[in-house]
Structures are given as C-alpha cells and as structure tokens.
1. Quick check on segment 243-290: of everything there that is under 17 Å from the mean Cα position of the chain (by Cα), assigned to a strand (DSSP E or B) and among the β-branched types (Val, Ile, Thr), which residue is nearest to ALA83 (Cα to Cα)?
2. I'd like to verify a number: residues in segment 353-378 that are touching a strand residue (DSSP E or B) at 6+ places or on another chain (Cβ under 9 Å) and either acidic (Asp, Glu) or assigned by the TED database to the domain that holds SER308 (or both), how many?
3. State whether the residues of segment 380-396 include one that is touching a residue at least 40 places away in the same chain (Cβ under 8 Å), farther than 26 Å from GLY123 by Cα and under 20 Å from the mean Cα position of the chain (by Cα).
4. Filter segment 344-379 down to the residues that are closer than 27 Å to LYS159 by Cβ, in a helix (DSSP H, G or I), touching a residue at least 24 places away in the same chain (Cβ under 8 Å) and open to solvent by 50 Å² or more (accessible area, probe 1.4 Å) and list them by number.
5. If you scan segment 380-396, which residues turn out to be hydrophobic (A, V, I, L, M, F, W, C), over 24 Å from TRP178 (Cα atoms) and open to solvent by 80 Å² or more (accessible area, probe 1.4 Å)?
6. Only one residue in TYR407, TYR441 is surrounded by 14 or more Cβ atoms within 10 Å (Cβ to Cβ) and either modelled with pLDDT of 85 or more or closer than 21 Å to LEU567 by Cα (or both). Which one?
7. Take the conditions among the hydrophobic types (A, V, I, L, M, F, W, C), open to solvent by less than 10 Å² (accessible area, probe 1.4 Å), at pLDDT 95 or above and in contact with a Gly (Cβ under 8 Å, 6 or more places away or on another chain) and apply them to LEU288. Does it pass?
Amino acid sequence: MNIAVDHENELHEPPVPELKNKTPIEAGTKPNDGYSIEVVTGPAVITFLNDPGVQKSWDLLFDSCSWATVFQGRQFIAAWYLAYSEEHLPILITAVERGQLKGALPLVLLNSKADDEDGAGKGKITGAGHYDGLYQAWLTNPSDGNVFIKKALAECMKKFPGHPISLRFLPPGTPLNWTKDDKQWRQYSIVQPHARPLILLNGTEEEKIFQRRKHFKHKLNRLKRAGEVSFETVRDVETFKSSLHAMAIMYDFRHSALFNKNPFNEDPVKKDFLLELFRLQLLHVTVLKVDGKIIGGMVAVTDKGWVSLAAINCHSPVKARWHSPGFLHFVLASKQFEEEGFRYFDLTPGYDAYKEELANGHDEVIELVISSEFTFRIKRKIKKWLHGRFIASGIRPMTVELNIKRYLYLMRRRTAMSVIKILAKRFHKKRKPQLYQVPSYTLPTPAKISLHKDNLTDLMQYNFGRGTDATKWEFLGDAMFRLERSQHCYTWIENGRLMGCAWFGYPEPSNEKKENNNPEAGNTIEFQHIYCHSAAKDRLSDFLKGVIDAAVNKEGKNRILTSDPLLSQALEAAGFSNMLVCQ
C-alpha cells in the first residue's frame, strides 16, 4: 500500500510579490530552463525566510508539491532554523524563476557554527529539522521533481565537498527516478526503503487497534483502581508548558535507561522549539492522568488528515507492566484522532514491536544518502545489506546497534577490580531475608534526611565513580526494570547528587492469610536493595533510619522484611529483633 499526503493544489488570486535578494546569496549555475540555483547559508537563511514575498511564494510552492509534509512547511522550517542556528549551520538551496520560488531544499550542516560557512569540518549534511523533522524532502512542482533536486545537490556538493548528505525519511511519492536513470547520481546514491506502520482511522481495518477491547478495558479498570483516571487534550500554552516539564522528565528517564541519552537535558532549546510549534498550532498534545498527576503524554505533529508520532511519546515507569499506560494512551489517542477527523495515525518507522502490534496498515518511506566519497559509500552499502539481513531474520537493526554501543560503553568504563566485584557478587551466597516487627518508630531529630518516593529526577542524579559498581546506564536500566515491576524507591539527594536509594515492594500475602483476615496480611514491606554513594558512608545510618521511618510512618507497615545486612543492623540497633529466618 502506498499512501501519499493529499495536498490540495489551490492557488490564491492575489499576485505574489517578486523575491528580492536582500540577503547575501551565493549564485550557482543558471541552467537553460530559465531558473537559477542559489545557495543561502547561516543567518542569511533566517533573514531570507522572514521576507513576506518569500513566505507567500514558499506557501504556494508547498501547496503545489504533492509529496510535501508539514516538515517542509515554512512555519516548521523557520522555527527549527531559528531555534538551532547557533548549533547547526542552516543551508537553503533555492530555484528562482522570474522572481518566483520554483524549488527549495532546506538542509543543515550539523555541529557547525555560522562562521563555518565553508564547511571546513567533516560533519554530515541532513534535512532541516534533523531528528525533529521526521520527513526531509525538497519542494518543487511535480514536473520539476527530478530536475531541481539534481541541480540543488550538485551545488551543495560543490559548496561543501566531502560532506555526505542524508535525507531521512523521504515521504511516499517523492520523485526518485533520477537515482536510477542518471549514471552519476545512481553511483552517488544509496536508496534504502523502510516500512512505515500506520493506523488507518477511517476504514474497515481501523478495528484492529480496538479489537483487543477486552484487554483494553481490563488494563483501564486496573488503572482506575489506582485513582481517578482522566484523558485530556492540552489546548493552551501555559498548560502545555507545565505538562511539557512532566513529560520531559519521563521521556529523559526512559531514554537514559534504554539508550543512555537525555534528549531534553542535552538539548536546552528543545522545549522552546516545541513551545513555538504549539503556538503555531502544529502540535496535538494529550495527557493521561491519575488523580491529577500526569502518567503519560503524547506530543504529535499534525498535517492535513495526518497525525505523526514525531515529537514525544512517554509514560511513567511506575507499575507500567501492571497498568500499561503506554498502550492505554495509544488506544485513547487513536479514538480521539478519529473523532477529530484525522485519517491516518503515523506511528513512524523503527521496527518497534509495539508499533507493529498497533498498526493496521503499512506503506514505505525512503532513506536517501548521497556521497561522492567511495569509501563512505562502501560502508553505507554494507550497513544497508546488514540492515536487510536483520529485518529478514526478524531482528530489529536498532537493537543490534544498541547492544554493540552498550558493550563498548561498558568496556571503556570497566576496570579489572570492578569486574571481580561483580563476579564475586554473582557467586556469593544470598543472605536469607530477616523479618522485623516494628510496631512504632520515632525518627531521631539529628537523623533527619529528606527522602523522596519514586522520584525520576533523583534517580537520574546517579553518578558513576569510585566505590560504585554499576555505570549510570546500568543503574537507570535496573531502576526502570524495578519500577515497571511494581517496586518503589526512596531517594536521598544532596547538592544535585544521588546519595542514597532504597528499593522496596509489598509482598503478596498468602491466600490462607487473606481468607482468615489475618491482620498481618498486607502489612509487610520488603526492602530488596540499598544503595549508598561512597561520599555518604558516614551518614548511612541516618539514611537507614529515615528509610525505617518512611516504612512505618509513611507506608503504614509494621513488618519489615530485608536481606540487606546494613538495614538489619540499623533495625537491631533501634531495638527491633529478628522474628524468624524465612526459608
């Protein structure tokens, strides 16, 4: 199935002002067909896009381009260039005929400043928007689709020799005959197709996402037992601002645990860029709440009849395996998209298992890489071949790449002593859990330490260094695993550093105790693991006293089960004796 964006070719009656070259533009070739190819770089790109004549001409060109998406729209391109021009070098290649814009290729030279307009480095050139621009393509009338792009790329490669050009992804319908018919461009081009999962919202197949209604209702009822559930659309800037803060924390935590990345923390302008897109009414934002607290969020980009999962998709890890907030959010959002008249929900390429479970249709998008460097092309072709073999074998290519990165990451940070410690722990005989009856507990005043429960920001303040066995990637991966499987934690932060963390859960009482209404049923808290930073060893006892106080006075439990020797010592020092040794 090949689904292309359906743009209406409606031209406006008022004449479009001729484009005036008020900005420094480097003239390129002037082909026989009557239009000139021009290259604009740096701050001049933003000035160029602010010209009213350019804006109107761009909008008309956008409407006439059948494969254009919102990511080639003037508002998106201008907002992204403005937000990231200090970090990346804007490049705009245009075709102008008799003062009218006939073609546009918005690009960016990554990690290059405005004063590096000659591209002295070896950075990659990609479509404007980079990872924020899900689809990257050129704008032109369909009749010029194969002509303009060849001239534009030729000028780009002349201006920035040695820099590979990557467009990921080209939307369906983008003209690519030139990569097959032209000998030179066939040699320079690596064309790689990718399956794109879709949810068709207005056809007979739309029922696939809703056919698991029993499963959906079961999960929703579980969540309702945790509190009052609400699903809301964010419609004003101030609410989006506050919601974005909560979503950014969940998003960064998950990416840190899975990929060792912190998208919002590492990109200080990302929030401002999304706020600008929201003001431009290019975003559709929904949040899932329990008792007023956001546990899931989705920031999608909208186009004519389309909504794309191209910005944020996040949920709280707390009891996620039990409540499935991500699945619930997708189903609720899909229903709302349908009600609002959207026809397609673009789940975006990536070969993710959850997307394939939700999708009821697919089409194909293209990754295009251009390079005149022979060695680079050979490497890319090998990567393309491996990608195809993995897909054919049912293996997600990104998972393979991620496992290699993780292995290299750990190898660089492991010392012989740390490996020995890890192996020793694995072979060390586990200590049997100890059970303590704690009818009441009063925290000594000098031992007062502020603790936070299930605080994701605190967990992300973990620092790997001397005296710690786990790297930050390992620690956060383990933390997400525990939270998703109904464990909780109390954290202690000082000076922006995680000093202590106590992991605990609630053991399920036996059926016999439940049936006999045994008062001990459900009255036990089990501590599975205690972490303490090496710089906080002298205050460990104070932290453990705070943990005991939280277990008794905040969690309301008077039976503490633990196999941690340090916590056992703290309990016994407070006068509580071990009741029994659990077999």
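The values are calculated or read from the model by the stated rules, or taken from the named source; none is laboratory data. Since the model is a prediction, treat every value here as computed from it, not as a measurement. Cβ atoms come from the backbone with ideal geometry, glycine included; neighbour counts cover every protein chain shown. Only protein heavy atoms, including side chains, enter the accessible area calculation; ligands, DNA and RNA are left aside. Shrake-Rupley method; radii C 1.70, N 1.55, O 1.52, S 1.80 Å.
1. Among those residues, the one meeting the criterion is VAL285.
2. 4
3. Our first condition is that a residue be touching a residue at least 40 places away in the same chain (Cβ under 8 Å); within segment 380-396, this holds for 380-381, 384, 387, 391, 396.
Applying the additional criterion that residues be farther than 26 Å from GLY123 by Cα yields 391, 396.
Still in the running and under 20 Å from the mean Cα position of the chain (by Cα): 396.
Yes, that holds for at least one residue.
4. PHE376
5. Of the residues in segment 380-396, the ones hydrophobic (A, V, I, L, M, F, W, C) are 382, 385-386, 390-392, 395.
Keeping just the survivors that are over 24 Å from TRP178 (Cα atoms) gives 386, 390-392, 395.
Passing the criteria: only ALA392.
6. TYR441
7. Taking the combined requirement at face value, the residue satisfies it.
Yes or no, residue by residue, for (1) outside the structural domain of ILE249 (by the TED database); (2) within 18 Å of the chain's Cα centre (by Cα):
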site	(1), (2)
GLY292	no, no
ILE295	no, yes
VAL299	no, yes
HIS323	no, no
LYS335	no, no
GLU338	no, no
TYR351	yes, yes
